[in-house]
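Derivation of every value follows stated rules applied to the coordinates shown; laboratory data play no part. In this text the structure is predicted, and so the values were computed from the model without any measurement.
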Amino acid sequence: MNMPDKSVSKMGSPAEGLFSRARAPAPHGSVTGKRRGEMAEAKFLAKASELGFGVAKPWGDSDAYDFIVQTGGKLWKVQVKSAHVAWKDGSYSFRAHGHSYKAYRADEIDLLVAYVVPENAWYVFPVRVIQRMKSLKLFPGSRKKRSRFEKYREAWWILRRK
């Protein structure tokens, strides 16, 4: 199994950046995986708002989706995932499942938005693309290796479809 190559991150060493992986129980004030996810959600809120979308955050975290995004008369259930450290091959891995470890279904979410933090790269996936997957691998910084998912990079136009 490949181990992440922490030298690829543009944020400095893993211990330095806000988005670094926590290895041991986090002392008060340090950044945990949950906090990094919350920070990525905040970035999504800002990005979607800048693009002119209406964005709402449901109360609690019991639903499969993180946000409701309004475009025109349509409401989209959006799940946001983030990756913070590249693997040795330059890829970033994302979980495409919720707490049940089952792939997301069309009755749970409409879109999965994946954010590659060190590359500031956003991928917008309709659920039909990822609904049978439990994970996906993206290569946003590589010119040699291209993920079959590159066509979904910055695909905000999906939200503007009717």
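For L75 and S62, compute 0.36 nm times the residue count separating them, minus their Cα-Cα distance, and round to one decimal in nm.
Fully extending the segment from L75 to S62 adds 2.8 nm.
Full extension from R153 to K43: what is 0.36 nm times the residue separation minus their Cα-Cα distance, to one decimal in nm?
In short, 38.0 nm is gained.
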